[in-house]
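Before any comments, here is the structure.
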Amino acid sequence: MSTAMANKLMSGSEVLLECLVQEGVEVIFGYPGGVTLPLYDAMYDHPIRHILVRHEANAAFAAQGYARSTGKTGVCCATSGPGATNLVTGLVDAMMDSIPMVALTGQVTSKLIGTDAFQEADTFGITRSATKHNFLVKKIEDLPQILHEAFYIAKSGRPGPVLVDIPKDVFQAQGHYQPVNSIHLPGYKFVVDGHNGQIRRAAQMIWEAERPYIYAGGGILHGDASEELVETVDIVDCPVVNTLMGLGAVPANHPRFISMPGMHGSYAANMGMYNADLLIALGTRFDDRVTGRLAAFAPFAKVIHVDIDPSEISKIRHADLPIVGDVKRILKRLNFYLRETKDEMAPKTEPSRAAWRTQIKEWMEEHPYDRPVSVDEIKPQHLMTEIDRISGGNAIVCTDVGQHQMWAAQLIRFNKPRLWINSGGLGSMGFGMPSAMGAQVANPNQLVFSISGDGGFQMSLPELATIVSNGLPIKIIVMNNGYLGMVRQWQELFYNNRLSQVTLDTFPKADLLAAAYGFKGRTIEHPRDLRSALEEAVAEPGPFLLDVRVTPFENVYPMVPAGGAINEMVLGQPSPAPAGVK
Amino acid sequence: MVEIISLLVENKPGALMRVTGVLVARGYNIESLTVARTLDPTLSRMTIVVDVDDRLRPQVIKQMNKLINVLQAQDHTEAPAVSRELLLLRVRAIATEGQNKDARTAILKEAEIFGARVVASNIEGFVLEVTGDPEKLDEFIDVMRSYGEIEVTRSGMVSVSLESKKLKLAPPITRGATQSEEEENGVLNG
């Protein structure tokens, strides 16, 4: 920061852009409007990159794709009123999955606030519960401090979205960029170093356990603790599962990695969870989709729970040994203590642990995920298996929400963190394609798949234009079963197969749709075309839309019915499904 | 069960909204809430009574502590603390009617027993002010109701801890600085 800059008279818009530069922001996903005109005018000759999305909701999803694939804070921007309200889903989504994001919204001129002015909405009030924290800027002098605080809050502790609402007159006001050297938020306390005594006790508990089980969530990715986690797994030599949010935390090809636990988790993952005598829960929050009926969740296990957010400890499941802090630091020290005590303590319980590993392996072999292949129709699992083959554990895969998401999570392997991007907590349809845009912008040379169902794809349809405009070579795969598949599955299983409002009988022709936007698309219906079509999509230098017509009535298994116990999975189709479409 | 929460909050726009918003969103029913500035005018003290299951009490405190504008959240339910509530009560007892002369005298006697003060008096009746714990106030209301038509405004609970608890605040952060590996190792070896 040069003194020249500090002395230069700037507009609020220029001050804002300077703050973004200082924060290392590379790209903004946004959409302009009335009150952000001064900001967009300042952007006109500013080097910062702006990606013009086609709907503000997708700006928030794209910023998340950027953040999830890099670990950096994503930035999105919208105008007041409808622009800001359109961001809300993406904010809640980021909140649920702890994604660092800063949302900038324009607000009507200060003196009009509260007068029901054109495009006025109480953004500050509306987004209070959708954000980790939010700000309304009252004057240009506060702008730098607030913006740097926003970035600090978004990224530190348990990450999350922060919104800064800026009235038009603040953009227009003249002022100085005052460098902000210090951030003081006296009420923003979070513990980083876990309690040393607790970590020592954890090491002891782990060596005393006969059936230890590591249950690692998205916190491992946010905390950049994948390496440390793998080390823990290797030292203890015990089974490990990654939640939907944590896939990639342990490489899928690691010999102790089982899969994902929970509602559509693998048989072995859930049986392991049920039978463990020690659950080592790391950066995870015992989501209902993981635990099933709580009373029957890991009933024999003591729980070590590591989390940076104290309110997650004993929120759902009592933690016998809570450790609050940064998971990377805690695992480093845990690994130190585990090594220190291994020779003395491990041999006593090693025979039990060896039997436990054998048991897990048996369960894995007994019921692996189903990968049906048909000669005349494309099974959705076949599609995911083929994508997995092409990816080889290295592609970025962004999904929507529903059946395709679960099959992708089950069958596509991830050998690194931050490759698997999906809306886990909130389960927002329409997340896949815009998040893939953010991921591709952040990783221009990487293979990025956007996998959606025919439902979610149509929710994000306008972004095809953004993809083409920005030359993003995303491989857009639509797993098209003509239904809102997951809802249909539940109607079939729990509502007497009365298929109410789940039929998507109209879908555009992929080749024509893509051609209308100026890129290549194709529809396939036969399994013999699957491999070649995927290869064609990947070989295409630009984006590619592949509409894959799959078996319409395929259901996702295993399945723990809502309120069921995790060891009582339904492993396959109970009875043939008669169609009763209305 | 009720939980008495005492919060020290920064006087920032929206701070009250954040506190009540989180309580409502997490499904805790607010029984009463009082808020006023502290000796330091940049801070406010809130006393909130929420209806919450006993085992969820720590969770409520944790949720409050997560708010960036909350400097301190304490559970006063079982901690050494004094809790009081103020009640203003208007009781109708018209002075001109003969038999009410006795009633007016009786009201004043009862008020004395409860330590209530007369803050207004006219031919229509009295306005009485009384402080105490909620049970005492409930009783006072019951007694006064027997004398005639009443109207009541309660302040909600205010509470003060009997122990001075050290305020733990986050220190200022220097921008761009990251905590070094050495520090980490220092902790490990120490």
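Beta carbons within 10 angstrom, averaged per residue: use that to sort the peptides B:32-39, A:21-28, highest first.
Ranking, from highest mean packing down: A:21-28, B:32-39.
Using a 10 Å cut-off on Cβ to Cβ distances, tally the other chain neighbours for every residue of B:62-68 and report the average as a whole number.
That works out to 6 on average.
From the P(r) of chain B, could you give the percentage of C-alpha pairs in the tail past 32 Å?
38
Kindly work out what percent of the DSSP beta bridges joining two residues of chain A are antiparallel, to the nearest 5.
Antiparallel bridges make up about 5 percent of those DSSP assigns within chain A.
Which of the listed residues, A:Leu37, A:Val502, A:Ile140, is farthest toward the dipole's positive end in chain A, when Lys, Arg count +1 and Asp, Glu count -1 at the beta-carbon?
After comparing all options, I get A:Ile140.
Which net charge results for the neighbourhood of A:Gln446, defined as the other residues with beta-carbon distances under 12 angstrom from its beta-carbon, given Lys and Arg at +1 and Asp and Glu at -1?
Overall, the nearby charge balance is +3.
Averaged over all directions, how much area does the convex hull of the C-alpha atoms of the stretch B:121-177 cover when projected, in nm²?
If I average the Cα hull's projected area over directions, I get 8.1 nm².
Taking amide H atoms as placed 1.01 Å from N in the peptide plane, list the residues 5 or more away in sequence, or in a different chain, whose amide H sits under 5 Å from that of A:His133.
A:Leu163
Short version: ³J(HN,Hα) in whole Hz for each residue of the stretch A:17-31, in order, from phi by Karplus 6.51 cos²θ - 1.76 cosθ + 1.60 (θ = phi - 60°), x for Gly and Pro, what are they?
With coefficients 6.51, -1.76 and 1.60, one gets 5, 4, 4, 5, 4, 4, 7, x, 6, 9, 8, 10, 9, x, 8 Hz.
Let me check I have the definition right: for the stretch A:380-549, take the eigenvalues of the Cα gyration tensor, multiply each by 5, take square roots. What are those semi-axes in whole Å, largest first?
Semi-axis lengths for the stretch A:380-549 are 24, 18, 16 Å.
How large is Rg over Rh for the protein assembly as shown, taking Rg from the Cα atoms and Rh as the Kirkwood inverse mean of 1/r across Cα pairs?
With Rg and the Kirkwood Rh in hand, the quotient comes to 1.03.
For the stretch A:9-78, compute Rh as the Kirkwood radius over C-alpha pairs and then the Stokes-Einstein diffusion coefficient at 25 °C and 0.890 mPa s; write the answer in µm²/s, rounded to an integer.
198
For the protein assembly as shown, give the magnitude of the charge dipole about the Cα centre (Cβ charges: +1 Lys/Arg, -1 Asp/Glu; no others), in debye to the nearest 20.
Rounded to the nearest 20 debye, it is 360 debye.
How many partner chain Cβ atoms sit within 10 Å of a residue's Cβ in peptide A:188-194, on average, as a whole number?
Across A:188-194, the average partner-chain Cβ count within 10 Å equals 4.
Separation of the stretch A:510-538 and the stretch B:111-126 by C-alpha centroid, Å?
So the two Cα centres are separated by 86 Å.
Regarding the stretch A:460-541, what are the three Cα extents along the principal axes, ordered largest first, in Å?
Largest first, the stretch A:460-541 extends 46, 31, 18 Å along its Cα principal axes.
Grab the alpha carbons of the stretch A:340-403, take their convex hull, and tell me the volume per residue in Å³.
179
Ordered by packing density, taken as the mean number of other Cβ atoms within 10 Å over each peptide's residues, highest first, how do A:52-63, A:418-429 rank?
My ranking of the peptides, most packed first, is A:52-63, A:418-429.
Any idea how far the Cα center of the stretch A:442-482 sits from the one of the stretch A:173-203, in Å?
What the calculation gives is 37 Å, centre to centre.
What ³J(HN,Hα) values, in whole Hz, does the Karplus curve 6.51 cos²θ - 1.76 cosθ + 1.60 give for the stretch B:151-157 when θ = phi - 60°, with x put for Gly and Pro?
Karplus-based 3J(HN,Hα) across the stretch B:151-157 equals 9, 10, 10, 10, 7, x, 6 Hz.
Which value, in debye to the nearest 20, gives the size of the charge dipole of the stretch A:380-549 about its Cα centre, when Lys and Arg are +1 and Asp and Glu are -1 at the Cβ?
300
Given the stretch A:325-438, report the % of alpha carbon pairs whose separation exceeds 16 Å.
In whole percent, the share of Cα-Cα pairs in the stretch A:325-438 beyond 16 Å is 74.
Across peptide B:12-19, what mean number of C-beta atoms from other chains lies inside 10 Å of a residue's C-beta?
The per-residue average across the peptide is 3.
For the protein assembly as shown, what does -39500 (n - 2.57) per DSSP helix run (n ≥ 4), summed and divided by total residues, give at 222 nm, in deg cm²/dmol to the nearest 500?
Mean residue ellipticity at 222 nm (helix-derived): -11000 deg cm²/dmol.
To the nearest 20 debye, what is the magnitude of the charge dipole of the stretch A:1-67 about its Cα centre, counting +1 on the Cβ of each Lys and Arg and -1 on the Cβ of each Asp and Glu?
Computed about the Cα centre, the dipole is about 80 debye.
Just how many % of Cα pairs in the stretch B:83-159 lie over 14 Å apart, if you round to the nearest whole percent?
More than 14 Å apart: 56 percent of the Cα pairs in the stretch B:83-159.
Quote the convex hull volume per residue of the stretch A:3-175, based on C-alpha atoms, as a whole number of Å³.
Hull volume normalised by residue count: 99 Å³.
When you count, for each residue, the other Cβ atoms within 10 Å and take the mean per peptide, how do A:186-194, A:506-514, A:148-156 rank with the highest first?
My ranking of the peptides, most packed first, is A:148-156, A:186-194, A:506-514.
Under 25 °C and 0.890 mPa s, how fast does the stretch A:196-366 diffuse according to Stokes-Einstein, given a Kirkwood radius computed over C-alpha pairs? Answer in µm²/s, whole number.
For the chosen part, D equals 158 µm²/s.
For a footprinting-style exposure proxy, rank A:Lys8, B:Lys62 by other Cβ within 10 Å, fewest first.
If I rank by nearby Cβ atoms, fewest first, I get A:Lys8, B:Lys62.
Hey, got a sec? Which GluC sites (Glu not before Pro) in the stretch B:1-106 land in a DSSP loop and have at most 10 other Cβ atoms within 10 Å?
Counting only loop positions with at most 10 other Cβ atoms within 10 Å, the GluC sites (Glu not before Pro) in the stretch B:1-106 are B:Glu78.
Every read-out reported here was derived from the displayed coordinates using simple, explicitly stated rules and does not represent laboratory data. Since the model is a prediction, treat every value here as computed from it, not as a measurement. Positions of Cβ are backbone-derived with ideal geometry, glycine not excepted, and every protein chain shown enters the neighbour counts.
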